[in-house]
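The values are calculated or read from the model by the stated rules, or taken from the named source; none is laboratory data. In this text, all values refer to a predicted model and were calculated from it rather than measured experimentally. All Cβ positions, even for glycine, are placed from backbone atoms using ideal geometry, and neighbour counts span all protein chains on display.
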Amino acid sequence: MNARPSLEIVLAAPRGFCAGVERAIAIVEEALARHGPPVYVRHEIVHNRHVVERLERMGAVFVEELDQVPEGALVIFSAHGVPKRVPQEARRRRLVYVDATCPLVSKVHREVERHVAQGRTVLLIGHRGHPEVEGTMGQVPEGAVILVESEEDARRVRVPDPARLAYATQTTLSVQDTAAIVAILQRRFPGIVGPRKEDICYATTNRQQAVAAIAPGVELFLVVGAPNSSNSLRLVEVALKAGCPRAELIRSAADIDWHWLQGVRRLGLTAGASAPEVLVEEVIDALRLRFRVRVAERRFAEENVSFKPPPIPAPRAALAEDTARP
């Protein structure tokens, strides 16, 4: 019987859940604990099927739009943020809602509103179709925000008045790529106004810096996350740009193609900000079945950020029952 080959896993830290994700999940869990199922959630609360399916088993019902929610029910908006039309529609349909938007995304919303109120056009650096971008653009009238997705967009974008211009960014972008886009905009529009504090969130930055530091010294990097998770996709890109020969996004241990590990002796491992630690542990357990594993965690930052969940109101049906009791 052949002995299992050795494998060193270089485990990046910080990794996994950020404060905004923890807060959003806690809001759904608290709503279910207080009022029981069903609790409705517009879109995935965070971009991770493992999280969504666990909450579904607890009684959460995920919907695409509010017309799928019964009148008077409790609905929660996802951590990515929503356009202003969504809470307006919820009020019109007499829904009780809780906004689980990450406070760092809400900060970008308020910045964009402030710039537009002061007469500026906002160039939003982000990815078209991402719910965070749709939510941010939906805070202000159509046309007040222009999306910039790439360096080429930054070189070619036309604006109504270069003297009245600001920029904002999606919170989960590549720090390096965003800096290059901002540099082009600043060269073209020297008076452009930036955010008071960096829009890319602390968790995105910390996870990318950890991956970039580890990547040159490993032969393969596995990123645990969802295919629709912007911050997870960026970690794969960061690993490749930092010098790792191969980087792959996996949803769970079941996605590992074992051919990737042929000849690999040092493996980098991390998780996107919406991926739970249990999925990382499952990957390590799967690797232990095939290799003699040594895990070396490398920590590059301490994270002690937390966001308090808002009060959880009762559905209107429950409120009506309480009022009717003698």
Condition first: in a helix (DSSP H, G or I) and surrounded by 12 or more Cβ atoms within 10 Å (Cβ to Cβ). Can you find one or more residues in the range 291-309 that meet it? no
Residue in the range 4-13 that is touching a helix residue (DSSP H, G or I) at 6+ places or on another chain (Cβ under 6 Å) and of a type in the set (Val, Ile, Thr) present: yes
How many residues does the range 223-273 contain that are in contact with a Gly (Cβ under 8 Å, 6 or more places away or on another chain) and either of a type in the set (Asp, Glu) or part of a loop (DSSP other than H, G, I, E, B) (or both)? 7
Within the range 230-241, restricting to residues that are in contact with a strand residue (DSSP E or B) (Cβ under 9 Å, 6 or more places away or on another chain) and surrounded by fewer than 24 Cβ atoms within 10 Å (Cβ to Cβ), the one that is farthest from Pro131 (Cα to Cα) is Leu240
Restricted to the range 181-206 and to residues being touching a helix residue (DSSP H, G or I) at 6+ places or on another chain (Cβ under 6 Å) and in a helix (DSSP H, G or I), the residue farthest from Val140 (Cα to Cα) is Thr205
Within the range 231-250, is even one residue in contact (Cβ under 8 Å) with a residue 40 or more places away in the chain and either under 23 Å from Pro5 (Cα atoms) or more than 23 Å from the chain's Cα centre (by Cα) (or both)? no
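Please work out which residue is modelled with the lowest pLDDT, limiting yourself to the range 173-225 and to residues that are of a type in the set (Asp, Glu) and surrounded by fewer than 21 Cβ atoms within 10 Å (Cβ to Cβ).
Keep residues of the range 173-225 that are of a type in the set (Asp, Glu), which gives 177, 198-199, 219.
Still in the running and surrounded by fewer than 21 Cβ atoms within 10 Å (Cβ to Cβ): 177, 198, 219.
Values: Asp177: 95, Glu198: 85, Glu219: 98.
Here the answer is Glu198.
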Residue list for the range 6-54, filter: touching a Leu at 6+ places or on another chain (Cβ under 9 Å), surrounded by fewer than 23 Cβ atoms within 10 Å (Cβ to Cβ) and assigned to a loop (DSSP other than H, G, I, E, B): Pro38
